[in-house]
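The structure appears below as structure tokens.
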Amino acid sequence: MIDLDETVGIEITSTASWRQLKAVEFPNDNRNIRAAEILERLASQIHLVEGSHIHHRIDAILENEDGVFKFSESLLESLRLVGFSIFPKSLTDFLSDIISEIDKQYEMQHTSNFSGIDLYSELFADAIKIGPKAVELVEGCGRHRAELLLIAAINRQKNSSFITGANGAKRIPRNLFQLIENDIRKTHDINLLDVGAILQTVVKPEKDVDAGRIVAAVSLPWFEIIELLQRNQNAAWEIPPDKWEEIIAGAYKNSGYDEVILTPRSGDYGRDVIAVKKGIGQIRVIDQVKAYKPPNLVKADHVRALIGVLESDGASKAFLTTTSDFAPKLRTDPLLKPWMPSRLELIGRHDLIRRLAEIARTTRENTISR
């Protein structure tokens, strides 16, 4: 069976850490610290769920790619709501609610419970009434994704917002487009990212050197991608690995490093980005980028290999950056802990997006003040 620590525990603890940072950022809002406390309590109950029917159900869901997406999306969304709109009494209750939501999606997707009602056609008809932009959003979302969004939204609605279908068996909201407009715009943002910013060069190369390409500047799509990631962290999993390397290289360039090298896809010797800051002495850092999608996590062997790269390169410090997270207890590994954080730093998804947002904000402020 899947490892609950790696699949669920790491996401809970990461979200708890993120809420603790938010509590410092917004000291007058007690909800963040309350959310962190609830999340820490849930994380401590992982062992109580291991081997249970909940564990088996999650294992079954994650057997196919569609299930991995559904579970990861539902887990992340639910974690963000803890302490604000949901207050689970136990990890079992928390995971049971997620599984129930996924079961409803599958039920609606694979059965004829909405017999006589084509949800996507109804959604499209509502979009036509609103205007061309709404039609564009629906078309960009696609039937499969739109129906899943509708199913989840319909299950949350109150009876007063429904009308009865022709056979009287099911009721649907009076305006399907307005019901999922916010969700469908998020999907549209990801699609725009796929066909737009991702296909463009995120950084502008200056010249080739032995180790790769020197980055001359950061282009506009870099900032657009960071804005999207702030709105929807799941968009991180839609970005190809080579573009993530460009994004990280752009971050170093915007952070004031004098020379940033983007290494080739092959023959990089474990270094995706090399950044040098000159002055009294010289600081050289290397960054290895792991563009992983949950439930895949960075393992201890990956980190140990990077330490070997750090030693052979002679760099001042190494970073391992991932769009997922790190295996449980990795940060406390007795062989790795002495290296952190002075020579080695691990950057998971939450920290990554927070850092990118801060770099983007500072860069804009500095540009305006000049």
Given the criteria surrounded by fewer than 20 Cβ atoms within 10 Å (Cβ to Cβ) and either within 20 Å of the chain's Cα centre (by Cα) or of a type in the set (K, R) (or both), does E73 qualify? yes
In the stretch 22-35, the residues that are under 16 Å from S85 (Cβ atoms) and either among the charged types (D, E, K, R) or surrounded by 18 or more Cβ atoms within 10 Å (Cβ to Cβ) (or both): K22, D29, R31, N32, R34, A35
Checking L42 against (1) touching a strand residue (DSSP E or B) at 6+ places or on another chain (Cβ under 8 Å); (2) modelled with pLDDT under 90, which single condition isn't satisfied? (2)
Return a yes/no flag: does the stretch 229-245 have any residue that is among the hydrophobic types (A, V, I, L, M, F, W, C) and part of a loop (DSSP other than H, G, I, E, B). yes
Matching residues in the stretch 258-306 - criterion: being among the small types (G, A, S) and either farther than 27 Å from P334 by Cβ or more than 26 Å from the chain's Cα centre (by Cα) (or both): S266, G267, A275, G279, G281, A291
What pairs come up if the first residue lies in the stretch 205-224 and is assigned by TED's automatic domain parsing to the domain that holds V285, the second is loosely packed, with under 12 Cβ neighbours inside 10 Å and part of a strand (DSSP E or B), and their beta carbons are under 7 Å apart, counting only those six or more places apart or on different chains? I214/K207
Do the conditions hold for I58, that is, is it surrounded by 13 or more Cβ atoms within 10 Å (Cβ to Cβ) and either within 25 Å of R355 (Cα to Cα) or in contact with an Asp or Glu (Cβ under 9 Å, 6 or more places away or on another chain) (or both)? no
Consider the stretch 269-289. How many of its residues are on the phi > 0 side of the Ramachandran plot and part of a loop (DSSP other than H, G, I, E, B)? 2
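Residues are listed down the side, and each one gets a yes or a no for (1) touching a residue at least 60 places away in the same chain (Cβ under 8 Å); (2) over 19 Å from V49 (Cβ atoms); (3) not acidic (D, E):
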{"position": "G67", "(1), (2), (3)": "no, no, yes"}
{"position": "R80", "(1), (2), (3)": "yes, yes, yes"}
{"position": "S85", "(1), (2), (3)": "no, yes, yes"}
{"position": "F94", "(1), (2), (3)": "no, no, yes"}
{"position": "I98", "(1), (2), (3)": "no, no, yes"}
Per-region count, the stretch 290-320, residues assigned to a strand (DSSP E or B) and more than 22 Å from V68 (Cα to Cα): 4
Can you report the number of residues in the stretch 303-351 which are out of contact with any strand residue (DSSP E or B) (no Cβ under 9 Å at 6 or more places or on another chain) and of a type in the set (K, R)? 3
Quick one: which residue in I10, I2 is closer than 22 Å to R354 by Cα, among the β-branched types (V, I, T) and at pLDDT below 85? I10
Could you check S324 against (1) under 19 Å from I247 (Cβ atoms); (2) free of Cβ contacts under 8 Å to residues at least 24 places away in the same chain and say which number it fails? (2)
Residue count, the stretch 321-370, condition part of a loop (DSSP other than H, G, I, E, B) and farther than 19 Å from V276 by Cβ, comes to 14
Is it fair to say T367 is modelled with pLDDT under 95, β-branched (V, I, T) and surrounded by 20 or more Cβ atoms within 10 Å (Cβ to Cβ)? no
Within the stretch 303-320, is even one residue more than 25 Å from G212 (Cβ to Cβ) and surrounded by 20 or more Cβ atoms within 10 Å (Cβ to Cβ)? no
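The values are calculated or read from the model by the stated rules, or taken from the named source; none is laboratory data. No experiment lies behind these values; they were computed from the predicted model shown. We place every Cβ from the backbone using ideal geometry, glycine too, and count neighbours over all the protein chains shown.
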